[in-house]
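K.L.:
First the structure, which I've put down as structure tokens, then a few questions once you've had a look.
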Amino acid sequence: MSTESSYRYAGNRPVDLAQLATRVEKGPNQAVINSALDANVATLSDLQARLYSQKQHGVIVILQGMDTAGKDGLIRHVFSGLNPSGTSVVSFKQPTHLQLDHDFLWRINQALPSRGEIRIFNRSQYEDVLISHVHPEMLTTQNLPGINSVADVDDQFWNHRYHDLRNYEKYLRHQGFEVIKFFLHLSKDEQTHRFERRIEVPSKNWKFAPSDMQERAFWDDYQLAYTRMLENTATKKSPWYLIPADDKGVARLIVSNILIDRLQALNPQYPQVSAETKQKLHAVLQQLKDHKL
């Protein structure tokens, strides 16, 4: 598959989602994907073990995309081999009353990983410039200063939010936390197919809710919201990765390749013990072999 740089978007050009590929032409077959993904899962497991033992960096993996973009399945397949003690998933739903009593990044701070951990955000702080961009009336009920009507949700409001998101990630990076952001780019036709499957296959019925169709009516508005989010929050040091998501297997492989590149760049290493400690360990080992312990 292509390298990390093929999907990296650093905000250096406009985004046209209508022209951005949602499928890799002449992608590998499923057998090749499965083999490569198995190898990547093993590599990620090793990198996670090193990250966890070193406890110097925390990693936040952000997954954003339209409904049915494949976030849940990607989590199951790409992170299947990682140690649960150092890996976890947080899903961000509609904010609670408690969360709305705080700043919009408060709930994100509560969910950050510890150093040495990998935490996957299934949706994230970026919902606050996506769903509220499509439904700005939501903001008028959040007791935000100066936001009393939809007319108050102007360009200045969004520019402040984008500014805060960019600088929040800069702050996290300075503290040793790596943010890796993926946008799973799905076509409307593929979403139609996946919704049909959720209705037609009984075991998938639980995934479907009438509200999904209500939001689908705002497809063009969401495409605009995603475009503005990407253009305003992608930077050289905190890029977005624009992943073609119509083929789930290919998307999972691309994401796993990029994660390996990013974690290898951190170069996590097992801590080295001192010569004195090694001597003590060998002494204990000898006692064990001599059945003295």
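K.L.:
If you average the sequence gap of Cα pairs under 8 Å that are 6 or more apart and divide by the length of the chain, what percent do you get for the contact order?
P.N.:
On the way: 373 pairs, mean separation 104.2, N = 293.
Rounded, it is 36 percent for the chain.
K.L.:
Simple spin-label model, 7 Å along Cα-to-Cβ: residue 38 to residue 18 in nm?
P.N.:
4.4 nm
K.L.:
Hey, rough spin-label estimate for residue 31 and residue 236, points 7 angstrom out along Cα→Cβ, what's it come to in nanometres?
P.N.:
Distance between the two pseudo-spin positions: 4.5 nm.
K.L.:
For the chain, modelled as a GNM with alpha-carbon contacts under 10 angstrom, which of 166, 197, 23 fluctuates the most?
P.N.:
Evaluated over the chain, the most mobile residue of the options is 197.
K.L.:
Evaluate E = 1/(1 + (r/R0)^6) for residue 167 and residue 218, where r is the Cβ-Cβ distance and R0 equals 25 Å; express this FRET efficiency to the nearest 0.05.
P.N.:
Values: r = 29 Å, r/R0 = 1.15.
Using R0 = 25 Å, I get an efficiency of 0.30.
K.L.:
With springs connecting C-alpha atoms under 10 Å apart, model the chain as a Gaussian network and identify which of 268, 239, 136 has the largest mean-square fluctuation.
P.N.:
Its mean-square fluctuation being the largest, the pick is 136.
K.L.:
For 26, 207, what's the largest-to-smallest order of accessible area, 1.4 Å probe? If you can, show how the numbers build up before the last one.
P.N.:
Numbers: 26 205, 207 70 Å².
Listed by decreasing accessible area, they come as 26, 207.
K.L.:
Something else now. Angle between the Cα long axis of helix 188-200 and the longest principal axis of the chain, 0 to 90 degrees, nearest 10?
P.N.:
80 degrees
K.L.:
May I ask for the angle, rounded to the nearest 10°, between helix 275-289 and the longest principal axis of the chain, with both axes built from Cα atoms and the value confined to 0 to 90°?
P.N.:
70 degrees
K.L.:
On a 23 Å Cα-Cα criterion, which of the cross-link pairs 55/170; 207/248; 71/188; 26/181 come out too long? Working shown, then result.
P.N.:
Working: 55/170 20 Å; 207/248 17 Å; 71/188 16 Å; 26/181 25 Å.
Correct reply: 26/181.
K.L.:
Can you give me the angle between helix 248-266 and the longest principal axis of the chain, using Cα atoms only, in degrees from 0 to 90, rounded to the nearest 10?
P.N.:
Here the helix axis deviates by roughly 50 degrees.
K.L.:
Right, something else. State to the nearest 20 debye the size of the charge dipole of the chain about its Cα centre, where the only charges are +1 on K and R beta carbons and -1 on D and E beta carbons.
P.N.:
Details: 35 positive and 33 negative charges, 275 e Å.
The calculation lands at about 1320 debye.
K.L.:
Between residue 5 and residue 293, what is the FRET efficiency for a Förster distance of 51 Å, r being their Cβ-Cβ separation, to the nearest 0.05?
P.N.:
Values: r = 53 Å, r/R0 = 1.04.
Computed FRET efficiency for residue 5 and residue 293: 0.45.
K.L.:
What's the extension gain from residue 272 to residue 91 if we count 0.36 nm per residue and subtract their Cα-Cα distance? Numbers along the way, then the final one.
P.N.:
Working: separation 181, 0.36 × 181 = 65.16 nm, distance 3.60 nm.
Length gained, residue 272 through residue 91: 61.6 nm.
K.L.:
Count the net charge of all other residues whose Cβ sits under 12 Å from the Cβ of residue 188, scoring Lys and Arg as +1 and Asp and Glu as -1.
P.N.:
Working: positive: 194, 216; negative: 67, 189, 190, 220, 246.
Taking every other residue near residue 188 into account, the sum is -3.
K.L.:
In sequence order, what are the phi-derived ³J(HN,Hα) couplings for the range 9-18 according to the Karplus relation 6.51 cos²θ - 1.76 cosθ + 1.60 with θ = phi - 60°, rounded to whole Hz, with x for glycine and proline?
P.N.:
My calculation for the range 9-18 gives 10, 10, x, 8, 7, x, 10, 10, 4, 5 Hz in order.
K.L.:
On to the next question. Put 208, 157 in order of accessible area, largest first, 1.4 Å probe: what do you get?
P.N.:
Reading off the accessible areas and sorting them downward yields 208, 157.
K.L.:
Computed from the mean reciprocal separation of all distinct C-alpha pairs, what Kirkwood hydrodynamic radius does the chain have, in Å? If you can, show how the numbers build up before the last one.
P.N.:
Details: mean 1/r = 0.0475 Å⁻¹.
For the chain, inverting the mean 1/r across all distinct Cα pairs yields 21.1 Å.
K.L.:
When the solvent-accessible surface of protein heavy atoms is calculated with a 1.4 angstrom probe, in what order do 281, 100 fall, highest first?
P.N.:
281, 100
K.L.:
Leaving ligands, DNA and RNA out of it, work out the accessible area of residue 282 with a 1.4 Å probe and give it in Å² to the nearest 10.
P.N.:
Surface accessible to solvent at residue 282 totals approximately 120 Å².
K.L.:
Which of 20, 112, 144 moves the most in a Gaussian network model of the chain with Cα springs under 10 Å?
P.N.:
144
K.L.:
Keeping all protein chains in the complex and leaving out DNA, RNA and ligands, what accessible area do you get for residue 76 with a 1.4 Å probe, in Å² to the nearest 10?
P.N.:
Taking all protein chains as shown, residue 76 has close to 140 Å².
K.L.:
Classify the range 136-246 as rounded, prolate or oblate, taking a ≥ b ≥ c as the square roots of the eigenvalues of its Cα gyration tensor: rounded when a/c is under 1.5, otherwise prolate if a/b is larger than b/c and oblate if not. Could you put the intermediate results ahead of the total?
P.N.:
Values: a/c = 2.30, a/b = 1.36, b/c = 1.68.
Oblate, since a/c reaches 1.5 and b/c is not below a/b.
K.L.:
I want to check the label-to-label distance for residue 115 and residue 155. Put each point 7 Å from Cα in the C-beta direction and report it in nm to one decimal.
P.N.:
Distance between the two pseudo-spin positions: 4.3 nm.
K.L.:
Now for a separate question. Can you give the accessible area of residue 88 in Å² (nearest 10), computed on protein heavy atoms with a 1.4 Å probe?
P.N.:
Per-residue accessible area (residue 88): approximately 40 Å².
K.L.:
Okay, next question. Once you have a ≥ b ≥ c as the square roots of the Cα gyration tensor eigenvalues for the range 34-143, tell me rounded if a/c is under 1.5, and otherwise prolate or oblate according to whether a/b is larger than b/c.
P.N.:
Values: a/c = 3.60, a/b = 1.73, b/c = 2.08.
Oblate shape, in that a/c is at least 1.5 and b/c is the bigger or equal ratio.
The values are calculated or read from the model by the stated rules, or taken from the named source; none is laboratory data. If you're wondering where the values come from, they're calculated on a predicted model, not measured in any experiment. Here the Cβ is made from the backbone with ideal geometry for all residues, glycine too, and neighbour counts use every protein chain on show. Ligands, DNA and RNA are excluded from the accessible area calculation, which covers all protein heavy atoms including side chains. Shrake-Rupley method; radii C 1.70, N 1.55, O 1.52, S 1.80 Å.
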